[in-house]
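The values are calculated or read from the model by the stated rules, or taken from the named source; none is laboratory data. As the structure is a prediction and not an experimental result, all values here were calculated from the model. Every residue, glycine as well, gets a Cβ built from its backbone with ideal geometry; the counts of neighbours run over all protein chains shown. For the accessible areas, the whole protein counts, side chains as well, though only heavy atoms, and no ligand, DNA or RNA atoms are used. Shrake-Rupley method; radii C 1.70, N 1.55, O 1.52, S 1.80 Å.
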Amino acid sequence: MASRKDRWTKKEVRRQLDVVRSEVAPTKVLKNAVYLNSARKVWSEAHIWISGDRIAYVGSELPKNMDETEVIDCSGKVVVPGYMEHHVHPFQLYNPLSFAEYASARGTTTLLSDNLFYFLNLEKKKALTLIEELDRFPASMYWWARLDPQTELKHENYLFAPSQMKAWLEHPLVLQAGEMTAWPKMLTGDDTLLHWMLEARREYKPIEGHLPGASEKTLAQMVLTGVTADHEAMTGEEVIRRLDAGLVTSLRHSSIRPDLRRLLREIQEAEINDYSRLLLNTDGSTPAFYEDGVMDALIKIALEEGVPPIAAYEMASYNPARYYGIDDTHGLIAPGRIAHLNILSSVEEPQPEAVLAKGAWVHGPAANNSFPAAFPWEDFGVQPSRFDWDVQDEDFHFSMPLGIELVNSVILKPYQVATDVTQDRMPAGRNESFFVMIDKHGHWRINTLIKGFDTDIEGFATTFSNTGDVVLIGKCKEEMKRAFQRLKELGGGMVLAEQSDVVYELPLPLFGIMADQFMEDVIAKHKALNELLKERGYPHDDPVYSLLFFASTHLPYIRVTQEGIYDVHKKTVLFPSIMR
């Protein structure tokens, strides 16, 4: 693959030069455009010429040759660069392509995404070929390179082999390393992780931290080891602490941490008026959160909170482009940049009336469907979950004295089990249920009880987890078995069973994690799931986060991992998984 710096061939560059000389007609001209000129921090007026997917000219002249040019009169409108979301977890039921199509139609035309599930589930050649194929579509799709798995894996050394790590870090579509969830291990002596952090910096890749609640000294240590940015500030004080440590700081507004208004108010109260080292992110929110928009929704909040308009737009365009070293192709309306452009009704309304992504209309009256109706995921090794095993009665034997309690959407605490676990059905109305995690290959299992997830779920089965292993939850062992059998038929997903029937299902045929449906359909299914589980006693914000993070060892206090029940603070397995 050509370097992202060399995305245009000599022939294409010659044609672009001919466009500027009026020897060849531009593809499109946005005339009379008032546009965001981030080079001078002003609103300027000009005509914008586009040749294919690239801005060829921005200035006072109109082309002499417009025989085959689409001319868009932008009088009374405002043009800003396409927005950039630099912190995407593209596996929150949706997939990278469905999210890119949805986001770009709302003006977010550049995405920087977590590679975790492709790294863990695909051999490197197929994974890297896949990300190159995805970048052919109108949205610009860049990636992270994870340096740790965010859980305890049985074959971690094999998965994080040097050749695999190096291939990702060197790839031109990979713009950063991280996010760094295992940094406590690194600080206490894990030289392998430190090696890859230093290797990332040698490749001139920035490193994204994951540093909730970090003190000044912790931030200093992380900067010394190569971390360049962080998105975990939850107060204005924490934003300032990161800025003072020299970190680029991303202000988060997500389905589980909708903090942007508070952060902006508190940094304004602290008289922070330079936004040049601040970015915006939605931290891979779950589908229903995006009904109100993507980065356009965050810019709207910033404008409502009194952020100067140019600064508000730049936090989601020029600032991330400059930080990631791609401002020669992104984040500016200037010659040589990719033609990601949003046409707005006014500065005060960041939701665009029309969107160009790589020079193609993806939203607006002239929009055409530039994204594929279907994508050949299996050609790249992205397949449904396939189970050549069945659950047995012995998989529902419970003897562990320690249970797990979900105290909010993502935090698990241990508790002492006092319930009779020999029964086939637990009483309805109680906040305690059976919990089983089974290896997706059928080799091991973990049996315990869970508090704080529900009061009235009979049987629920899912492959949606940090590792793609099977999770079963419920009051009734027979309904848990029924839910699993339907899950097996679907090839992965989420299934809710009760009273001898399946009452909800969401197929997730991509690794058992992601749907292959349009984003709007996934949003509807996510909302239905939330409603059904809350009717059955789920008390927290979002069950999707709970399911995803059961195994995630960057969160306190205990986790259910492939190795067993894991104490995050002590970094030890309390109860190992059992071979089936």
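Going through the stretch 525-565 one residue at a time, which ones are open to solvent by less than 10 Å² (accessible area, probe 1.4 Å), touching a strand residue (DSSP E or B) at 6+ places or on another chain (Cβ under 7 Å) and either more than 20 Å from R445 (Cβ to Cβ) or not assigned by the TED database to the domain that holds N408 (or both)?
Of everything in the stretch 525-565, those that are open to solvent by less than 10 Å² (accessible area, probe 1.4 Å), touching a strand residue (DSSP E or B) at 6+ places or on another chain (Cβ under 7 Å) and either more than 20 Å from R445 (Cβ to Cβ) or not assigned by the TED database to the domain that holds N408 (or both) turn out to be H526, L529, V544.
Can you pull out the residues in the stretch 142-155 that are closer than 21 Å to L548 by Cα and either modelled with pLDDT of 85 or more or touching a Cys at 6+ places or on another chain (Cβ under 7 Å) (or both)?
W143, W144, A145, R146, L147, D148, P149, Q150, T151, E152, L153 - these are the residues of the stretch 142-155 that are closer than 21 Å to L548 by Cα and either modelled with pLDDT of 85 or more or touching a Cys at 6+ places or on another chain (Cβ under 7 Å) (or both).
Test of understanding: among L219, L211, L169, L112, which residue is under 30 Å from W361 (Cα atoms), in the same structural domain as E291 (by the TED database) and at pLDDT 95 or above?
L112
Which residues, counting only those in the stretch 130-189, are open to solvent by less than 40 Å² (accessible area, probe 1.4 Å), polar (S, T, N, Q) and in a helix (DSSP H, G or I)?
Across the stretch 130-189, the qualifying residue is only Q164.
Looking at A56, A39, A25, A33, which is the one that is farther than 18 Å from T329 by Cα, under 35 Å from the mean Cα position of the chain (by Cα) and outside the structural domain of D274 (by the TED database)?
Just a single option satisfies the conditions, and that option is A33.
Within the stretch 256-271, does at least one residue satisfy the condition of being at pLDDT below 95 and buried (at least 17 other Cβ atoms within 10 Å of the Cβ)?
Yes, because at least one residue in the stretch 256-271 is at pLDDT below 95 and buried (at least 17 other Cβ atoms within 10 Å of the Cβ).
Within the set of pairs 6+ apart or on separate chains, which have a first residue in the stretch 473-494 that is at positive phi, a second that is surrounded by fewer than 24 Cβ atoms within 10 Å (Cβ to Cβ) and hydroxyl-bearing (S, T, Y), and C-beta atoms under 6 Å apart?
From the stretch 473-494, the pairs are G491/S385; G492/S385.
So, in the stretch 103-127, how many residues would count as being open to solvent by 10 Å² or more (accessible area, probe 1.4 Å) and within 18 Å of the chain's Cα centre (by Cα)?
Selection size over the stretch 103-127: 4.
Please identify the pairs in which a residue from the stretch 306-317 that is at positive phi and of a type outside the set (D, E) has its Cβ atom under 8 Å from the Cβ atom of a residue that is open to solvent by less than 30 Å² (accessible area, probe 1.4 Å) and modelled with pLDDT of 95 or more, counting only partners at least 6 apart or on another chain.
Going by the 8 Å Cβ cut-off, the qualifying pairs are G306/L264.
Residue by residue through the stretch 192-218, note down the ones that are within 21 Å of the chain's Cα centre (by Cα), buried (at least 16 other Cβ atoms within 10 Å of the Cβ) and assigned to a loop (DSSP other than H, G, I, E, B).
Those that are within 21 Å of the chain's Cα centre (by Cα), buried (at least 16 other Cβ atoms within 10 Å of the Cβ) and assigned to a loop (DSSP other than H, G, I, E, B): K205, P206, H210, L211.
Just to confirm my filter: which strands (runs of 3 or more DSSP E) fall fully inside the stretch 279-367 and include at least 2 residues that are open to solvent by 10 Å² or more (accessible area, probe 1.4 Å) and over 21 Å from Q268 (Cα atoms)?
Numbers: elements: 341-344, 354-357, 360-363.
Here the list reads 360-363.
Among the listed residues V522, V502, identify the single one that is of a type outside the set (K, R), assigned to a strand (DSSP E or B) and either farther than 24 Å from D439 by Cβ or open to solvent by 30 Å² or more (accessible area, probe 1.4 Å) (or both).
After ruling out the rest, the residue left standing is V502.
Kindly provide the set of residues from the stretch 35-69 that are closer than 27 Å to E348 by Cα and open to solvent by 70 Å² or more (accessible area, probe 1.4 Å), ordered by number.
The answer is A39, R40, K41, W43, E45, S60.
Counting residues that are at pLDDT 95 or above and of a type in the set (G, A, S), which strands (runs of 3 or more DSSP E) fully inside the stretch 1-101 reach at least 2?
Because the criterion is at least 2 residues that are at pLDDT 95 or above and of a type in the set (G, A, S), the strands (runs of 3 or more DSSP E) in the stretch 1-101 that meet it are 42-51, 54-59.
Kindly indicate which of G474, G459, G429 is farther than 22 Å from H554 by Cα and surrounded by fewer than 23 Cβ atoms within 10 Å (Cβ to Cβ).
The unique qualifying residue is G429.
For the stretch 37-91, how many residues are under 25 Å from L112 (Cβ atoms) and either free of Cβ contacts under 8 Å to residues at least 24 places away in the same chain or in contact with a Phe, Trp or Tyr (Cβ under 6 Å, 6 or more places away or on another chain) (or both)?
So the answer is 5.
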